[in-house]
Amino acid sequence: MSDAIRFEGVVKTYGAKRALDGLDLVVPRGSIFGLIGSNGAGKTTFMSVTAGLVRFNEGRVDVLGGGPFDPVRQRGRLAILPQDAHPPAYARVGSLLEYYAQLQGLGGAAARKAAGDVLQWVNLADRRESPTRSLSHGMLRRFTIAQAFLGDPEIVILDEPMSGLDPVQVDSLRKLIAGRRGAQTIILSSHILSDLELLCDHVAFIENGRLLRQGPISEITRRGSHLGYHLDRAPDVAALSAGLAGVELIWNPAASVLDATYGEPEWTAATLNAALLPRLLAAGVGVLEVSRGSNLEREYLRNAALGPPASSRS
Ligand code: ATP
C-alpha cells in the first residue's frame with residue numbers, strides 16, 4: 001500500500017498554541033484510518049491541514065503524492081466533512097447535492113447522476129424533493145456523508161461522523177463506510193473507540209499535536225501476542241510462570257484480569273491456553289472469560305499514559 005498522506009514534523013500554531021507540534025503521520029492508501037485523541041489533541045487541525053484549508057508553519061505535508069493539497073487545483077480528489085456540518089435549511093435535498101457535485105467539477109447530467117447515486121447509497125432516494133430542514137438528525141448525517149462521497153474522491157475525511165447518532169444509525173453508517181473499504185482512503189475521528197475498532201484497519205493515537213503511536217489495528221490491539229484471563233480471584237503469578245519461558249504474566253487487580261503476553265511462533269493462543277488453563281483450574285482459580293488481544297480503548301489509555309515515544313520528545 002502506498003501512502004495517501006504523509007506528515008513529517010508538521011507544526012501548526014494558533015498564536016502561542018502549537019495545535020500540531022511536530023506531527024509525523026502516514027495514512028496508507030485505501031485504508032479506513034481512525035484518528036484517536038482527547039479533546040484538543042489536534043485531530044481537526046490535522047484534517048484541516050490535510051485538506052489544504054489551513055496553512056502549516058513547519059514540516060512537510062504530502063497528499064496523494066503532490067505535496068500539500070490544493071483545494072482549487074486538485075478539486076474533486078479530496079472531500080472533508082467537518083464536525084457538526086449543517087446544510088442550508090431551505091434547500092431541497094437533491095438539488096443541493098447536484099449543486100455540490102457541480103462545485104466538484106461535474107457537468108449537469110453527471111452531477112444529477114452522482115447526486116442520485118449517493119442518495120440511493122445512503123437510503124435517502126425517497127427524500128430527493130424534501131427540504132433539508134425536514135430531515136431527522138440521523139438523515140441529516142447521512143445526507144452530509146453522501147455529500148462527502150459525491151464524485152468518489154480519492155480521500156474522504158469525516159470529523160466525528162457518528163456523534164449524536166443512536167445505535168441503529170451508527171450501525172447503518174458503519175456498514176455504509178465499510179462498504180467503501182479499499183476503494184477510497186477514508187479518515188475518520190470518533191471518541192467512541194469501539195466504533196473505530198469495528199470499522200478501521202489502521203489507527204493513530206494523537207496527543208498534544210504529536211503522534212503517540214500508529215499502525216494496523218491488529219498490531220495495536222496485539223491480537224497475535226496477548227491473552228487476557230478474567231479470573232474470580234488473584235492467582236499465584238510466580239507459581240504459574242514457572243516453565244513458561246517467553247511468556248510475561250501480569251495480574252491486573254482492578255480488572256481481575258491476568259494479562260499474558262507471548263511471542264509467536266514459540267507460543268500461540270492455543271498452546272498458551274493448553275499450558276495455563278489446567279494450572280489455573282488445578283489451583284482452584286475460576287476462569288470467567290478468556291479474551292484474545294487487547295482492545296483499542298485499553299491500548300489508547302496505555303499509550304496516553306506512556307506519552308510520546310522517546311525519539312519525539314523535545
Ligand atoms: P476535539 O476532539 O475536541 O474536536 P481536536 O483533537 O480536533 O479536538 P483541534 O480542534 O485540532 O483538536 O485543536 C487543537 C488545539 O488547537 C486546541 O488547543 C484548540 O484550542 C486549538 N485551536 C484549534 N483551532 C483553533 C483556532 N482557529 N484558533 C485558535 N486555537 C485553535
Open item on the list: I need every pair where a residue in segment 38-62 that is in contact (Cβ under 8 Å) with a residue 40 or more places away in the chain and under 20 Å from Ala85 (Cβ atoms) has its Cβ under 9 Å from the Cβ of a residue that is within 8 Å of the ligand (Cβ to nearest atom) and among the acidic types (Asp, Glu), sequence separation at least 6 or different chains.
Closed with: Lys43/Asp159; Lys43/Glu160; Thr44/Asp159; Thr44/Glu160; Met47/Asp159
Task: Counted residues, segment 232-248 - those being buried (at least 18 other Cβ atoms within 10 Å of the Cβ) and not in a loop (DSSP other than H, G, I, E, B) - done: 2
TODO: Please note which strands (runs of 3 or more DSSP E) are completely contained in segment 1-116 and include at least 2 residues that are within 16 Å of the ligand (Cβ to nearest atom) and crowded, with 18+ Cβ neighbours inside 10 Å.
DONE: 3-14, 17-28, 32-36, 78-81
- [ ] Would you check which residues across segment 218-233 are at pLDDT 95 or above and either among the basic types (Lys, Arg) or within 15 Å of Arg302 (Cβ to Cβ) (or both) and list them?
- [x] Arg233
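So which residues in segment 208-250 are of a type in the set (Val, Ile, Thr) and within 30 Å of Phe33 (Cβ to Cβ)? Working first, answer last.
Taking segment 208-250 first, the residues of a type in the set (Val, Ile, Thr) are 217, 220-221, 237, 247, 250.
Selection gives Ile217, Ile220, Thr221.
Could you go through segment 148-168 and let me know if any residue there is acidic (Asp, Glu) and in contact with a Pro (Cβ under 8 Å, 6 or more places away or on another chain).
Within segment 148-168, the subset acidic (Asp, Glu) is 152, 154, 159-160, 166.
Then keep just the ones that are in contact with a Pro (Cβ under 8 Å, 6 or more places away or on another chain); that gives 159.
Within segment 148-168, one or more residues are acidic (Asp, Glu) and in contact with a Pro (Cβ under 8 Å, 6 or more places away or on another chain).
The values are calculated or read from the model by the stated rules, or taken from the named source; none is laboratory data. Predicted model only: the values in this text are computed from it and were never measured. With ideal geometry, Cβ positions are generated from the backbone for all residues, glycine too; neighbour counts draw on all protein chains shown.
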